[in-house]
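See below for the structure under consideration.
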Amino acid sequence: MSTNNKPTTVSKPLSLRSVTVTDNFWKHQMELVRKEVIPYQWDALNDRVPDAAPSFCMRNFKIAGKITKARREQGAAYEERIWPLKTFETLPEDINNMEDRFYGFLFQDSDFAKWIEAVGYSLTQHPDAELEQIADEAIDIVCAAQQDNGYLDTYYIINDMSKIFTNLRDNHELYCFGHLTEGAVAYYQATGKDKLLNAARRYADFIYDNFGYEDGKLRGYPGHEIAEMALIRLHEVTGDSKYLELCNFFLDERGVKPYYFDKEHPEVVKKGHENDDRYHYHQAHLPVREQTEAVGHSVRAVYLYSGMADAARLNHDEKMFEACEKLWDSITNKKMYITGGIGGTHLGEAFSFNYDLPNDTAYAETCASIGLVFFARRMLEMKIDNKYSDVMERAFYNGILSGIALDGKSFFYVNPLEVLPEACHKDERKRHVKPIRQKWFGCACCPPNITRLLSSISTYAYTENEDTFFVHMYMGGEIDKVVGNDSVHFSIDSDFPWNGKASIKASLDKPLSYTLALRIPGWCNSYTVDGINDMANCSEIKNGYLYITREWTDGDTVTLNFDMPVKLMQSNTLVRENEGKLAVMRGPIVFCLEEADNGKHLHNLSIDPGIPANATMFDDLGLPMSKITMQGRRYKSSACSDNLYKEYSPASDYEQVTLTYIPYFAWNNRGEGEMQVWSSFVR
Ligand code: FUB
Ligand code: ZN
């Protein structure tokens, strides 16, 4: 924030090119993405993964390409061929005789866009000619589908071009546009190749020409946000202000009455309709600067708030920034799981009311935690405060990583904090909770979203401005920075997340006055800083960051040791679900009980908080990680009688047991079984 309180850019992510991730933990994830996940997802987009839900994504692009060609060749005559707007989400019986129709969810195009974005990030870190060639060919297929006017959405190209932009509320054109643009920017920045960027730009120009305040233009906005963030990226990479203008238009029109979605859907307008939840679902119930509570579909919400944060920063819009802060606080103080998961209800994949955070019916969609990270990083670009980076780290290590199996080949969409597989199979209310990660989904928004996020993780760990390097997450890496006419190289070594030690070494040709801003994690009660003699004179703590401003000389090294004891966590007492329960954390990691270690009926286990926990490393799951043992008790098997109820009898019904906890993100890598984050405790 600037001194006059107008939001402005205080830090920006470093270019991916200037960072090499060396971190044991995150490098492993990035390599997994590069070697396993990206190729696997390319197969999925081409319907080549046996027994997985079909995607139809690349198939749709190929068909749209054929249609675009035919339309170009036949002109008006071609338009006589119109399919009714329809999606087919399953394979037809005769798959060798499929018509040239659109298959899959209507936003299937976005799966390619997220994949190409991930490929772009990965190529930046790790050039790979073969992958680049596959990506270039995929881009050729996608671009061949683009209409001469720039329009590019296969659902309408295949079905009926006369209906484009007639259902912004539901039909995701602007969502697919947003993803396409983000992918195009990433691929351009990685390779310098601008074919996809130009396609996205032409599409953006077409949208710009069709939307706006002028007579004859559409006054609508996205039913599923993301175009806002994407337009900012397009603006920043091209320097063209019309993309910022279009983003502002979308933000400013949201919540304006009469509601655009009502104009678009007059058939559903009825008396008293203003109170209908449907506007909340799309965050269109109020003008954005007046929104204070996070509501509605949680992915939509955090994508919108991220776009608002971008716009607040670039427009120096104080009111927008204040709304972002209130929305941030609403989520993180009242509507977020301990894992950084958001979305308490599967009804509308949405935020529930304050403190309503059920563990076993949680939605906590992987994409929603990813969107929360987008929002956090954008707030950090305006204001350095560990309230943002603490949540970012929490989401990364827990609610996001849980979305992908340790082998990178299966995924969770929903990330519950308690699972009883029998309930998932038999209870309709929990049908959304899968007890085992899936190879792919008909609606596969989450898997490629994790891929693009993990392959760009360094842009979240560190940011910079002219005189300061900010470390938000202690991720090991080699970082090249230009400071004025000088350059400095930082080597970060980190034992995170299993140990709280990290060191940062500066290498430079000549002494340089510079500031290192190091996050003090909110979970840490005590830490030491070694290596700098004049700390008292050159350092200060502000908003959870330790700023060290001094003249750095070659080889200067700061070593931080953050205490990382096992902590027993309780919820705000208004979280009804967790009353009388504790969760186990160590540093940023949330732990859970699994059936594989603790047997069935996890709900019969209680922690004894009076006996110290023990943390050790283990490697049984193919990735070294910490496990925690705690003493506790379990109902004796004799306590389970034929009677449903009996008179309470004190402690003799219990036996002493050792409880074994593993990191929440690593659950369900040993087959189907019970899992539980919050447990009762011996009082
Ligand atoms: O609607 C597109 C994506 O599909 C959403 O972001 C997810 O919640 C899923 O519904
Ligand atoms: Zn998703």
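Here are the numbers for the structure shown:
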read-out: Cα centroid separation - segment 78-93 against segment 476-522, whole Å; value: 55
read-out: Descending semi-axes in Å of segment 566-681, equivalent ellipsoid built from Cα gyration tensor; value: 25, 17, 14
read-out: Protection-proxy order for peptides 155-168, 462-475, each taking the mean of Cβ atoms within 10 Å per residue, highest first; value: 462-475, 155-168
read-out: Where Trp667, Trp523 fall by accessible area, highest first, once all protein chains stay in place (1.4 Å); value: Trp523, Trp667
read-out: Cβ-Cβ FRET estimate between Tyr648 and Glu322, R0 fixed at 51 Å, reported to 0.05; value: 0.50
read-out: P(r) of segment 460-562 over all Cα-Cα pairs, binned every 10 Å from zero, in whole percent; value: 15, 54, 29, 3
read-out: Lysine pair count for segment 553-682 [Cα-Cα under 16 Å; pairs on different chains or 8 or more apart]; value: 4
read-out: Sorted peptide list for 526-538, 572-584, 397-409, criterion being average Cβ within 10 angstrom, highest first; value: 397-409, 572-584, 526-538
read-out: Among Phe61, Val529, Trp678 - extreme Cα towards positive end, dipole of the chain, charges at beta-carbon; value: Trp678
read-out: Solvent-accessible surface ranking, highest first, for Thr154, Thr660 at 1.4 angstrom; value: Thr660, Thr154
read-out: Surface accessible to a 1.4 Å probe, Leu32 within the full protein complex, Å²; value: 20
read-out: Scaled radius of gyration (Cα, divided by 2.2 N^0.38 Å) that segment 12-106 gives; value: 1.59
read-out: 21 Å Cα-Cα reach of Lys35 towards lysines, excluding residues that sit fewer than 8 places from it in its own chain; value: Lys27, Lys114, Lys409, Lys439
read-out: Fraction of antiparallel bridges per DSSP, the chain only, in percent to nearest 5; value: 90
read-out: Selected from His28, Val237, Pro624, residue furthest toward positive end of dipole (the chain; charges at beta carbon); value: Pro624
read-out: Diffusion constant of the chain at 4 °C, which comes from Stokes-Einstein with the Kirkwood Cα-pair radius and 1.567 mPa s, µm²/s; value: 49
read-out: Amide hydrogen neighbours beyond the local backbone of Ile404, cut-off 5 Å, H modeled; value: Phe412
read-out: Rough spin-label spacing in nm, given labels placed 7 Å along Cα→Cβ, for Asp563 and Arg576; value: 3.7
read-out: Peptides ranked, highest mean first, by Cβ atoms within 10 Å: ranges 334-344, 182-192; value: 334-344, 182-192
read-out: Contact order relative to length of segment 460-562, as percent, for alpha carbon pairs under 8 angstrom and 6 or more apart; value: 27
read-out: Residues with amide H under 5 Å from that of Leu218, placed H, sequence gap 5 or more; value: Phe211, Gly212
read-out: Inter-centroid distance (Cα atoms) of segment 197-253 relative to segment 611-683, Å; value: 52
read-out: Accessible area per residue, Å², the chain with all protein chains present, probe 1.4 Å; value: 39
read-out: Angstrom value of the Kirkwood radius, inverse mean 1/r, which spans all Cα pairs in segment 512-599; value: 16.2
read-out: Positive-end residue, segment 566-681 charge dipole about Cα centroid, Cβ charges, pick of Thr660, Asn598, Ser571; value: Ser571
read-out: Stokes-Einstein translational diffusion, segment 297-456 - Kirkwood Rh over all Cα pairs, 0.692 mPa s, 37 °C, in µm²/s; value: 207
read-out: Gain in span if fully extended, Lys263 to Tyr527, counting 0.36 nm per residue against the direct Cα distance; value: 89.3 nm
read-out: Whole-Hz ³J(HN,Hα) from phi, Karplus 6.51 cos²θ - 1.76 cosθ + 1.60, for segment 500-506, glycine and proline x; value: x, 9, 8, 10, 10, 10, 9
read-out: Accessible surface of the chain, 1.4 Å probe, proportion on carbon and sulfur as whole %; value: 47
read-out: MRE, 222 nm, helices only [DSSP H, n ≥ 4, -39500 (n - 2.57), over the chain, to nearest 500]; value: -10000 deg cm²/dmol
read-out: D (Stokes-Einstein, µm²/s), Kirkwood Cα radius, segment 336-395, 1.567 mPa s at 4 °C; value: 109
read-out: Two-site label geometry, Arg17 and Asn210: point separation in nm, points 7 Å out along Cα→Cβ; value: 3.5
read-out: Scaled radius of gyration (Cα, divided by 2.2 N^0.38 Å) that segment 367-420 gives; value: 1.29
read-out: Set of aspartates and glutamates with alpha-carbon distance to Lys434 below 17 Å, sequence-local pairs under 8 removed; value: Asp51, Glu349, Asp360, Glu365, Glu418, Glu422, Glu594, Glu595, Glu672, Glu674
read-out: Full-stretch length increase - Asn46, Leu85 - with 0.36 nm per residue and alpha-carbon distance subtracted; value: 11.7 nm
read-out: Estimated vicinal HN-Hα couplings, Hz - segment 453-460 in sequence order (Karplus 6.51, -1.76, 1.60; Gly, Pro = x); value: 6, 5, 7, 10, 4, 5, 6, 9
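The values are calculated or read from the model by the stated rules, or taken from the named source; none is laboratory data. Everything quoted here is computed from the prediction, not taken from an experiment. Positions of Cβ are generated from backbone atoms using ideal geometry, with glycine treated the same way; all protein chains shown enter the neighbour counts. Only protein heavy atoms, including side chains, enter the accessible area calculation; ligands, DNA and RNA are left aside. Shrake-Rupley method; radii C 1.70, N 1.55, O 1.52, S 1.80 Å.
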